[in-house]
Amino acid sequence: MQVDPIAPGEGAPEFELPGVTGEGFATLDFETYTLENFDAAALVVVFTCNHCPTAQAYQDRIKAIQAEYDDADVVAINSNNTIEEHAGDNEYYPTDSIEHMNARSEIEEFNFPYLRDESQAVAKAYGAQCTPHTFVFDENRELVYEGAIDDDREGENVTERYVRGALDAIQSNEDYPTDTVSPMGCSTKWKATHELV
């Protein structure tokens, strides 16, 4: 399915999604998050998942962004389809289920909320094309930057840190001049029909 990301200056689409507790695979107790739960001067929404090697490669960099920017909130959202019956001819990944998300959050010690977008409505609203795909918003929750986190998938030779650049610009009350850089990673695993939940 082809979706178009929201454009710079547009407001952050609302959401109300369950988030994992990071207490292991067995628990089914989850917290609900909305956009209003995040009140820092900047907000980074990153669509990611469990199974994608690129998403896994960026995990520590996402954690570092949350740890190093006191006035920014990071929230991760997993929208991938996990159910064969909903996939049609599309790919699906059971390891992206909320139970597996909960276990991964514990194992990897995520320092940000990890939310499950089962209906895929939020991914569609933001225009999330792959994992990871980041959206950086200012204090007014207007989009400053969307696209790749940086310019090196493996993280060994990073020369451009797009998300950090956008956050630095927000903190300095400056415009962020860098054009959108296409995100890189595994494509969003859409359901064959978005009416299925």
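Nothing in this text is a laboratory measurement; each read-out follows from the coordinates by a stated rule. Just so it is clear, the structure is predicted and the values come from calculations on it, not from any experiment. Glycine also receives a Cβ, built like all others from the backbone with ideal geometry; neighbour counts cover every protein chain displayed.
A compact table of results
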{"item": "Per the chain, cysteines lacking a partner by the 4.7 Å Cβ criterion", "result": "Cys49, Cys130"}
{"item": "The chain: relative contact order in percent, alpha carbon pairs under 8 Å with at least 6 residues between", "result": "30"}
{"item": "Neighbour-count order for Met101, Met184, Met1, fewest beta carbons within 10 angstrom listed first", "result": "Met1, Met184, Met101"}
{"item": "Helix-only CD estimate at 222 nm, as mean residue ellipticity for the chain, using -39500 (n - 2.57) per DSSP H run (n ≥ 4)", "result": "-6500 deg cm²/dmol"}
{"item": "Rounded to whole Å, sorted largest first: equivalent-ellipsoid semi-axes of segment 62-166, Cα gyration tensor", "result": "25, 16, 15"}
{"item": "P(r) histogram, all alpha-carbon pairs of the chain included - 5 Å bins from 0, percent", "result": "1, 8, 17, 22, 22, 16, 9, 4, 1, 0"}
{"item": "For segment 30-110: Kirkwood Rh in Å [reciprocal of mean 1/r, alpha carbons]", "result": "14.0"}
